1. Check whether at least one residue in region 178-195 is buried (at least 21 other Cβ atoms within 10 Å of the Cβ) and either part of a helix (DSSP H, G or I) or modelled with pLDDT under 95 (or both), and report yes or no.
2. Name every residue in region 1-28 that is touching a residue at least 24 places away in the same chain (Cβ under 8 Å) and assigned to a helix (DSSP H, G or I), in order of residue number.
3. From the list 437, 383, 359, 368, exactly one residue is surrounded by fewer than 21 Cβ atoms within 10 Å (Cβ to Cβ) and under 26 Å from the mean Cα position of the chain (by Cα). Which is it?
4. Of 216, 231, which residue is out of contact with any helix residue (DSSP H, G or I) (no Cβ under 8 Å at 6 or more places or on another chain) and within 18 Å of residue 278 (Cα to Cα)?
5. Limited to region 253-284, what total is found for residues that are part of a helix (DSSP H, G or I) and within 24 Å of residue 172 (Cα to Cα)?
6. Got a number for residues in region 350-399 being under 21 Å from residue 159 (Cβ atoms) and in a loop (DSSP other than H, G, I, E, B)?
7. Step by step: first the residues of region 142-161, then only those that are more than 11 Å from the chain's Cα centre (by Cα) and crowded, with 21+ Cβ neighbours inside 10 Å, then the one that is modelled with the lowest pLDDT. Which residue is that?
8. If I ask for residues that are touching a residue at least 60 places away in the same chain (Cβ under 8 Å) and either over 14 Å from residue 263 (Cα atoms) or loosely packed, with under 15 Cβ neighbours inside 10 Å (or both), which ones from region 128-137 would you list?
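The values are calculated or read from the model by the stated rules, or taken from the named source; none is laboratory data. All figures in this text were calculated on a predicted structure; none of them were measured in a lab. Glycine also receives a Cβ, built like all others from the backbone with ideal geometry; neighbour counts cover every protein chain displayed.
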C-alpha cells in the first residue's frame, strides 16, 4: 500500500488537468493519511468525480485471483490461439448451427415498432463517429472517440443502440453488416466466473455467447458456469471477431473478400465494475474494456482484422465512470440525450396503426405531456392502450382506459423514481429534496458538477443516479415533468417554509389553470396565465435556492417580451 508521498507523486504524474491536480494535491496534503484510506470509492468519486475512482484504485489495488480459485470456468480446454478450433467449439454449443445473430436485440418487437423520434442529434453525431471507424487510419485520438449514450433510466439509450442500422445508413456503412447488443443486466448480470479473467476476455465470451448461443443454446448463467472453457482467460477480442466472421462466411452471409461491418453495443456499462475481474494495470475495468475495443477500432496494426470493421457504442446511466480523459489510448464522447417534447412523443405515437385514434382522446395527450418526455414511460403507456383497443373496431380509448393506463405507469415508474444508492443501500429522496430539484430546474441556473446540494451528494452523483439530467452545453438541470406534477400534489401545510408553501401553491395553480385546460383551449388563450405562474415559480425557486437578489435578465431569461 502506498504512502501519502507516493500518492502525491502519482497524482503529479498522472493527472492531466492542472486545475484538478492542484485541488487533489491540496486535499491530500491537508488530510490525515488514515482518513484518506477510510474513504470509500463513492466518497472519492463525490469529491473528484472520475479522478476519485483512479485515486481509490491506487490506494486499494486489486489482488490478482489465484488460478485455483473456486470461480474458475469448468468447461473443456480449447486452443484459443486457433480461431478454427474456437469456431468448432462454438458450433458444438449451438442447437441450430445454421443460426447466427439469432437473438441479438434487447427490446421487444412491439416496442421497436413505435417510431424512434427526437434523437436525430444523437444519431447524426454517432454517424459521424462511425464514418471515422469505417476508415480509421491516420485519424487522431480526438476524432476517434467512442460514442456514449448516457442519462437517466428510461431515456431511450438502449433503443438508440437498437437503431444501429439507421446510424449505419447515415454513415454510409455498406453491406454486409451486422449488429449485436451485449448487456450487463436482466439475466446477463456479472457472473462469478468473470472474476478469474480480464475484462477483454470476459467481454469477448459475452460477445460470442450473444452471437452464437443466445436463444439457440444454454441460458447465459448456466453456460458461463459449466461450459465456458477452463482456459477462457486467454481469449482476445481480436480472436472472437475473427471467429464471428469465419462463421458468417461459412453460412454464406459474407463472402471471403467482403469487408465485415459489425455494430457492438455495450448496455449498462456502469455494471462492468461489478465484474471484479483481473485488471490490466490499475485503471478501472471499464477503461480496460474501452482500451481493448478502441484498439480494435483504431490501431493500424489490428484494423482491419481480416476484413473486419467494428462500430462500438456504450449506453448506461453513470456518465462519471466513463468520462475518462486520462487515457492515452481511447476516449469517449457523450451523445446528446434530452427529454422529448410533446411533438416528438406525438410523432412516435402516430407511427403505429392506431396511434392517431389514440391521440383523439384528450386525456391521452394530456397524459403524454405529464409523462415528461421519458421514452420508456410513454412507450409503456401507449402499449397498454394498444392492448385495450386491439380487439375492437373503435380504436379510441375511453377516458377510464386512459386513466387506468396512466396510473399503472405512474405506480411502476414515477412512484419509484428518485432512489439513490448510498453505501450499497437504496434511499428514496424526501419531498424537500424533490422540491429543491424542481427549484433548480425552474431557476434555469447553471450548476457545478462537484457542488453538493442534496443528501451531501454532488450534482454529478445525482445525475449518475438517474435523478436528473444535466445539459452538457449549459450545465442546467432538468427533471421529468411527471415529477413536477407529483410535487403539485403535496400539501403546503406540511411544510414550515413560507417560500416552499408558495412554490407548491404556484405548481397547483399551474396544473389547474393550464395543464387541465391544455388541448381544450387554443395555446394563445393560456399564454398569459402560464407566464404569470411560471415567473412566480421562478421567483420562489430562486428563494428556495437561497438567492434573495436576482437580476431581471435572470428572472426573464427565455421569455418573449413584447412592448
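1. Checked against the condition, which is being buried (at least 21 other Cβ atoms within 10 Å of the Cβ) and either part of a helix (DSSP H, G or I) or modelled with pLDDT under 95 (or both), region 178-195 yields at least one hit.
2. 4, 7, 10, 11, 14, 20, 23, 24, 28 - these are the residues of region 1-28 that are touching a residue at least 24 places away in the same chain (Cβ under 8 Å) and assigned to a helix (DSSP H, G or I).
3. Exactly one of 437, 383, 359, 368 is surrounded by fewer than 21 Cβ atoms within 10 Å (Cβ to Cβ) and under 26 Å from the mean Cα position of the chain (by Cα), namely 383.
4. It is 231.
5. So the answer is 0.
6. 8
7. Per the stated criteria, the residue is 146.
8. Residues satisfying the conditions are 136, 137.
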